[in-house]
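Each remark here refers to the structure printed beneath this line.
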Amino acid sequence: MVVGRRASRMVVVAVALGALIGGCTDARPPVANPAPTGSPTTTPTPMSSAAPPSTPDPATPPTRPAAMAEPSAEGAAAAAGYFMSLYPYVFATGDITEWNTMSGSACDFCANTRTEVQNLHSSGARSLGGLTVLAATAEDLGSNNWFSARLKVRIDASSDVDANGAVLGTNDGGTYDVDLAMSWADRWIIDSAGIIETLTAQ
C-alpha cells in the first residue's frame, strides 16, 4: 500500500478551501477582506529571528516560542509558525494533542489534517520529513482579538514508512504560502487556513 503524498495533501486541502481563507465557512471576518470596527492597532509585524527551525527529527515536538504567549501581531506570527511546525510532527508521531488544542472548530484544514494523520497511523504507517518556516508576518485586525497571519513554508521531501521502517512511498516537497485567520481567547486558536503552492525554488 502506498500512502498518499503528504505535500500533495496540503494542495488538496487548499482546493477544498478555495485556496483562500475567505473561502472557509467561518464566523470570523475573512483575512482577504477584513472588516474590523476600527483601524488595525498594529501594522503587519515580521516574526522575530526565533522562527521555528526546520525539523531534522520530525518525531521531536517543536518548541513553543515565548512570543506566542501574548495577543499581539508578533504573538500571532509566532503562534502561526509554531502551528505549522507541528505539521511534520503529527504525521511522524500520530500525536495530535497540541494540534487539536490550537485547532478551531470551523478550521477545515485543521480537521482534514487530523483525519489524514489518524488514517495514516491506523494503518500502521507514519510519514517522516521536515518543514521550515521561511517567513511569517501577522496583523492585528483591531476587533475582538482577531488576527491574520501569512507564512511561507517549505516542506521537505519525505517518506511514508511502515512499523518496520520499510518505505511505502515517497512524498514530494514544496514551498507554500499559508494564510491563517486566528483569534486569541487566553490562547491562540486557528480559525481557518488556506494554502497555495508557490514557484519558489527549493
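Derivation of every value follows stated rules applied to the coordinates shown; laboratory data play no part. Here the structure is a predicted model, which means the values were calculated and not measured. No Cβ is skipped: glycine too gets one built from the backbone with ideal geometry, and neighbour counts run over all protein chains shown.
Computed values, structure above
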| read-out | value |
| --- | --- |
| Gain on full stretching of the segment that runs from ASP95 to SER143 - 0.36 nm per residue minus C-alpha separation | 13.9 nm |
| Contour excess over end-to-end distance, with Cα ends at ASP172 and SER122 and 0.36 nm allotted per residue | 15.8 nm |
| Estimated inter-spin distance, ALA66 and ASP186, nm [label 7 Å along Cα→Cβ] | 2.4 |
| Cα gyration tensor shape of the stretch 81-180, rounded if a/c is under 1.5, else prolate or oblate by comparing a/b with b/c | oblate |
| The stretch 66-173 - percent relative contact order, Cα under 8 Å, separation 6 or more | 26 |
